[in-house]
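Scroll down for the structure; my scribbles are underneath it.
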There are 4 protein chains.
Amino acid sequence: MTDMLRVGVIGAGVMGRDHARLLATEVSGARLTAIADINLDGAREVAERHGAEAVFSTGEELIASGLVDAVVIASPDHLHAGTTLAAMDAGLAVLCEKPLAPTVEEALEVAERHAALARPLVSVGFMRRFDPGYVALRKRLDSGVDGRLLMTHSVHRNVEAYPGSPSSATITNSAVHEIDILPWLTRTPIAEVLWTAGRTTSLLPERHDPQLLLLKDADGVLHSVSMQVHARYGYDVRCELVCERASVELPNPPSLNDAEPLIVSADLTRGAAYAADWRPRFETAYRRELTAWVQASLAGTVPEEAATIDEALTTTKIAHALVASMNDGGWVTVAG
Amino acid sequence: MTDMLRVGVIGAGVMGRDHARLLATEVSGARLTAIADINLDGAREVAERHGAEAVFSTGEELIASGLVDAVVIASPDHLHAGTTLAAMDAGLAVLCEKPLAPTVEEALEVAERHAALARPLVSVGFMRRFDPGYVALRKRLDSGVDGRLLMTHSVHRNVEAYPGSPSSATITNSAVHEIDILPWLTRTPIAEVLWTAGRTTSLLPERHDPQLLLLKDADGVLHSVSMQVHARYGYDVRCELVCERASVELPNPPSLNDAEPLIVSADLTRGAAYAADWRPRFETAYRRELTAWVQASLAGTVPEEAATIDEALTTTKIAHALVASMNDGGWVTVAG
Amino acid sequence: MTDMLRVGVIGAGVMGRDHARLLATEVSGARLTAIADINLDGAREVAERHGAEAVFSTGEELIASGLVDAVVIASPDHLHAGTTLAAMDAGLAVLCEKPLAPTVEEALEVAERHAALARPLVSVGFMRRFDPGYVALRKRLDSGVDGRLLMTHSVHRNVEAYPGSPSSATITNSAVHEIDILPWLTRTPIAEVLWTAGRTTSLLPERHDPQLLLLKDADGVLHSVSMQVHARYGYDVRCELVCERASVELPNPPSLNDAEPLIVSADLTRGAAYAADWRPRFETAYRRELTAWVQASLAGTVPEEAATIDEALTTTKIAHALVASMNDGGWVTVAG
Amino acid sequence: MTDMLRVGVIGAGVMGRDHARLLATEVSGARLTAIADINLDGAREVAERHGAEAVFSTGEELIASGLVDAVVIASPDHLHAGTTLAAMDAGLAVLCEKPLAPTVEEALEVAERHAALARPLVSVGFMRRFDPGYVALRKRLDSGVDGRLLMTHSVHRNVEAYPGSPSSATITNSAVHEIDILPWLTRTPIAEVLWTAGRTTSLLPERHDPQLLLLKDADGVLHSVSMQVHARYGYDVRCELVCERASVELPNPPSLNDAEPLIVSADLTRGAAYAADWRPRFETAYRRELTAWVQASLAGTVPEEAATIDEALTTTKIAHALVASMNDGGWVTVAG
């Protein structure tokens, strides 16, 4: 069928498995056809779970197989650049997990060879750009309703980091998400940076944790980013925009309200938006309902969790008992 | 292709359009092939937007067309039962928007004819069963960690109801969601009900608003449901489970945290869960990123919002400037 | 001195000790002069801690002593009416803890004899009328800004009730606070009531818990009150006013913001007020600072927690170091 | 009477009036006897409202009057040092509003002369040390339960600053509260500081706003302080302690819960404490109730807002109607 994209996932680790699951079950228009991992058993397990046809031990073999139109690269970081170049040479669409490359030199080489292509093939997986919270922050900034942006404060905390990585890994592995998203939010490049830190945790030897990063952009906006990779208490990402007339924050805990999942402080009030109707509130429910129904229908059955006709009939009976109570008063027994 | 479900949507109103959009763009395994609406122009608009092949002015024609394996019924309520029966006769899978039928009699007839089928074909669209919040409430109840459930308090408020509907429509149109979800949460049927109300709003003539519904289940658990269809301030759905050792609530505003999107009051603390890592926090972002990438790749381009190679390269440069500041101290200018 | 009220506290239990402490340390214009308790050692302990001059084993002796202008009655409930009458006969001002009497008959007798006095002497200790949250709710209702009140939902939960009390004690001991405050909020009397309940906790034998109380007032406003005296998880009091155009709630956790300690849902936003300046935010801090300073000054010293001159000098030095950094750039060492 | 402190307030501006009000109505053990202000009419107005006996046009006259044992200094900043010295010479207890002096030199002179006294006389009004939130933060740090403190993040925002003050006033007038409280929380002195800022608001000409202050203490703990004196949206003070195993924050909006008015993130949960019983929840209500009752009793009446005997009687009647409903079922009319 012409309108289905055949996708291969390269790397069957934590991120690769997650991408494969989403592609196979939650994404429209894609067909997961191949998995590659140096651990072939791991690749086979993912392929079987999600109905992919083929497995390979290297990304290069998968790319050369003719079974894919596009690849998601979720292999170890040092392989990203090489695999991306191979996929580019084969003319495949690429979604490469961050980082594009561990060094500036390698990233630069990929960028230069990509620039020479007739049309762009590669995207890099900084996924926050698709998060409803960050999308709403950007839209709010674009609106100008709060005056000009003056300063931002971000927090990025992971539960646990394994010993052995240097202090710089906090920047190159974790803070890169902040480094990507802040200029994306503001549409303004970062001009200069300052690293600072104080006392370090006793729980993670040989790595400075937490760290405080300052980034100043070309318009003079100052960004502070509080990084902690071994925070123990939970995965916690926060962002506050300090504007001339308001402060706007991502909520904590994060919100599902697609209408505007933000905490806005303005006009002597700190508030969160209500949806105007049920659709943004239950968007996820509708999507999962349809997904479960499509999968069950393909399997010749009905989704286990969906309401059956008999349950819907019971619901109608209870509703009618309530109407009877409204009309006649008093407790009404529901008909069996 | 054998593993794609050909779906027709019957009804191109608010809900029908939303189902069509989700099926075409956010649901894996489905192909939207036909739309039916008595307003053929409306059907055509939806079909064109989402690439469906055919339009019909009635559900019956769509069902008879041979173009669909399954139908979503989102037509006016009084047509639900008839269209469901027609689809059942044609052997199609059905997702019927609630209510199955406006009267107990019609619902009963559909239920009886469905019971005579060799295998189930019909599900009814009480979508809350797929909402992460209600799913988490049910899982929590099943765990028994808070002791037995004793009482529940729900709130269901719509922004606006149009004049003309009777007070009973609050029950049959809106409260049915509560009537469906409460016994689903508790796995226990409702035994008796009491309707009550007090002062009514002056803003919605001829309809009693708000109303307070009491439902008692077969285990004696008492459910209170505060309904208000003309609440003006926002769409607001709340649910609290009062257990022997804890109170558990849906958060307000609603939460995206799939790990456990609940507010739990227990042991002298009122708390919300943190995710243990980034995946539940950014599940939506990953899904949307992959969806945008698949669509763009099919169109021979890259997704507009995704990070380009040049942006990824810039991110690497900023990261390296921060590492330089870490090593040498002071502000570091980002290389151009 | 003519403008100091000599107060005796009758009853040295939990509430009596708390009233004595507040009168001695946090209330202006009062002098705690006498304590009465059948347990004379308990009375002596309280008297010594707070500098009261005399102790008595009965309220009647304290009233007759000539040492008090006013009494707080915090003895066991069945003594309230008798002691109140004795104090009235002696012409003393009375603050009687709730309930005024356990039976309607006794309360009626006290009310009738009080009505015959030349001027009122007795107040009853329903303290919620002085809570910033309830005061703000009432003020908001009076303003009419949210339209007419239609319905209210309250929650009242205690951590633990001791076995032995009957189910009616939930009403007469605990729910009386709700029964007092709801008509006070609305300025409208309660006309009729309905008690209901469902499954009861297994943790408190012989008492129905939780209970759901419905009260309807003379204007038709319906109040629901969810009572649970053995909730285990925490002391939790909530109140929501459902109006024609907004919902207004006490915050959870409770707020200190005297400007408007409420959560207001209106105009598609759920919000809390910010103070306009530092005074409401730090009202408690200023009050406690002055109290500590007055007590320390009376004792010929300075309050332990207050900033000393040397600390204030250090603060100035740090401020000047920051100004130097502002002017000259870079880190500045604070002068020793 | 020997145990009442005669207090004079010097300065009848915003802060002086507030101190006078609190001393006269909310503080035990004090008698407000004199007010001084160069604007004698303003001084008279405050004196009359709160029953002070005398007014003076200068602090020196008030100090020399023999009418006070202690003074609160709330005059313009440049007068603080001189008036403090005069009060010290007269042997009076002093609570001096911050700053002690505008310059290090003047503060140093006062400190040196104070050090030579036989006993301390002067406290400086950094009131946050008495705020329940900061007190709870310090107690939590002292407990060590969250591991060592690593970093802190504070926010301090005022609604409005008047043009004309220099950028340094943000530090010397506003940030001094942060500079005082941070080493008080940690019991560790500040060692070095860094001032930084980025884009400045267009709404406050000639002053850099916002500013970001970094303070590092003698143990290496790094404090970031985000200052904004013209934030427009509300008065907002925040503080977060980043520890080895938890993050602890002041709640926003601020909380009344004296048991522990903090937001604690630990063990994959973000939580706030419930009180264990009603006393911390209603501490403010009890205090205000007693204060109103004492004042009314001194005036020969009962407090307007307190429950009357008739209201208490009605409460008892409603409670009995609910018990009747419990026993007999159905709605029960409240006896007239």
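The values are calculated or read from the model by the stated rules, or taken from the named source; none is laboratory data. Here the structure is a predicted model, which is why all the values come from computation and not from measurement. Glycine also receives a Cβ, built like all others from the backbone with ideal geometry; neighbour counts cover every protein chain displayed. For accessibility, only protein heavy atoms count, side chains too; no ligands or nucleic acids. Shrake-Rupley method; radii C 1.70, N 1.55, O 1.52, S 1.80 Å.
Assess whether residue D:92 counts as being without any contact (Cβ under 8 Å) to a residue 40 or more places away in the chain and open to solvent by 10 Å² or more (accessible area, probe 1.4 Å). Yes, satisfied. Listed by first and then second residue, the pairs linking a residue in the range A:8-24 that is basic (Lys, Arg) to a residue that is open to solvent by less than 10 Å² (accessible area, probe 1.4 Å), with Cβ atoms under 7 Å apart and 6 or more places separating them unless they lie on different chains, are A:17/A:46. Filtering the range B:219-226 for residues that are part of a loop (DSSP other than H, G, I, E, B), within 8 Å of another protein chain (Cβ to nearest Cβ) and touching a residue at least 12 places away in the same chain (Cβ under 8 Å) leaves a non-empty set.
Here's the yes/no breakdown for (1) of a type in the set (A, V, I, L, M); (2) open to solvent by 40 Å² or more (accessible area, probe 1.4 Å):
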position	(1), (2)
A:113	no, yes
A:129	no, no
A:148	no, yes
A:151	yes, no
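Please work out if residue D:123 is more than 7 Å from chain C (Cβ to nearest Cβ) and among the polar types (S, T, N, Q). No; evaluated as a whole, the condition is false for this residue. Out of A:298, A:322, one residue alone is buried (at least 20 other Cβ atoms within 10 Å of the Cβ) and of a type in the set (A, V, I, L, M). It is A:322.
Taking (1) outside the structural domain of residue D:182 (by TED's automatic domain parsing); (2) touching a Phe, Trp or Tyr at 6+ places or on another chain (Cβ under 8 Å) in turn, residue D:101 satisfies each apart from (2).
Listed here are the residues, each with its yes/no results for (1) of a type in the set (D, E, K, R); (2) modelled with pLDDT of 95 or more; (3) over 23 Å from the mean Cα position of the chain (by Cα).
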| residue | (1), (2), (3) |
| --- | --- |
| A:183 | no, yes, no |
| A:196 | no, yes, yes |
| A:202 | no, yes, yes |
| A:206 | yes, no, yes |
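The condition of being within 30 Å of residue C:29 (Cβ to Cβ), open to solvent by 20 Å² or more (accessible area, probe 1.4 Å) and within 9 Å of chain C (Cβ to nearest Cβ) holds for residue D:51. If you take the residues in the range B:131-145 that are out of contact with any Ser or Thr (no Cβ under 8 Å at 6 or more places or on another chain) and of a type in the set (D, E, K, R), which one is most open to solvent (accessible area, probe 1.4 Å)? Looking at residues that are out of contact with any Ser or Thr (no Cβ under 8 Å at 6 or more places or on another chain) and of a type in the set (D, E, K, R), I get B:139.
Please enumerate the residues belonging to the range B:54-82 that are more than 14 Å from chain A (Cβ to nearest Cβ), open to solvent by less than 20 Å² (accessible area, probe 1.4 Å) and in contact (Cβ under 8 Å) with a residue 60 or more places away in the chain. Listed by number, the list holds a single entry, B:75. Which condition number does residue D:224 fail, the rest of (1) open to solvent by 30 Å² or more (accessible area, probe 1.4 Å); (2) out of contact with any Asp or Glu (no Cβ under 6 Å at 6 or more places or on another chain) being met? Checking residue D:224 against (1) open to solvent by 30 Å² or more (accessible area, probe 1.4 Å); (2) out of contact with any Asp or Glu (no Cβ under 6 Å at 6 or more places or on another chain), the one that fails is (1). For residue A:173, indicate whether it is polar (S, T, N, Q) and at pLDDT below 95. When the stated conditions are applied, residue A:173 passes them.
Scanning the range B:87-115 for residues that are more than 23 Å from residue B:127 (Cβ to Cβ) and among the aliphatic types (A, V, I, L, M) returns B:90, B:108, B:115.
Could you list all residues from the range C:59-79 that are among the charged types (D, E, K, R) and touching a Leu at 6+ places or on another chain (Cβ under 6 Å)?
Matches in the range C:59-79: C:69 only.
Restricting the range B:301-319 to residues that are open to solvent by 10 Å² or more (accessible area, probe 1.4 Å) and over 16 Å from residue A:189 (Cβ atoms) leaves a set whose member that is farthest from the chain's Cα centre (by Cα) is B:301. Search the range D:230-288 for residues being under 24 Å from the mean Cα position of the chain (by Cα) and of a type in the set (Val, Ile, Thr), and hand back the single one that is modelled with the lowest pLDDT. Going through the qualifying residues, I end up with D:284.
Scan the range C:191-208 for residues that are more than 8 Å from chain B (Cβ to nearest Cβ) and part of a loop (DSSP other than H, G, I, E, B) and the total you get is 5. Residues in the range D:109-137 that are among the aliphatic types (A, V, I, L, M), in a helix (DSSP H, G or I) and closer than 25 Å to residue C:323 by Cβ: D:110, D:111, D:127.
Residues in the range C:164-190 that are more than 7 Å from every other protein chain (Cβ to nearest Cβ) and of a type in the set (Val, Ile, Thr) were compared, and the one that is surrounded by the most Cβ atoms within 10 Å (Cβ to Cβ) is C:170. Working only within the range A:227-258, note down all residues that are aromatic (Phe, Trp, Tyr) and either part of a strand (DSSP E or B) or open to solvent by 10 Å² or more (accessible area, probe 1.4 Å) (or both). Within the range A:227-258, just A:235 meets the criteria. Taking the condition of being farther than 26 Å from residue C:93 by Cα and within 7 Å of another protein chain (Cβ to nearest Cβ), how many residues in the range D:280-329 meet it? Matching residues across the range D:280-329 total 9.
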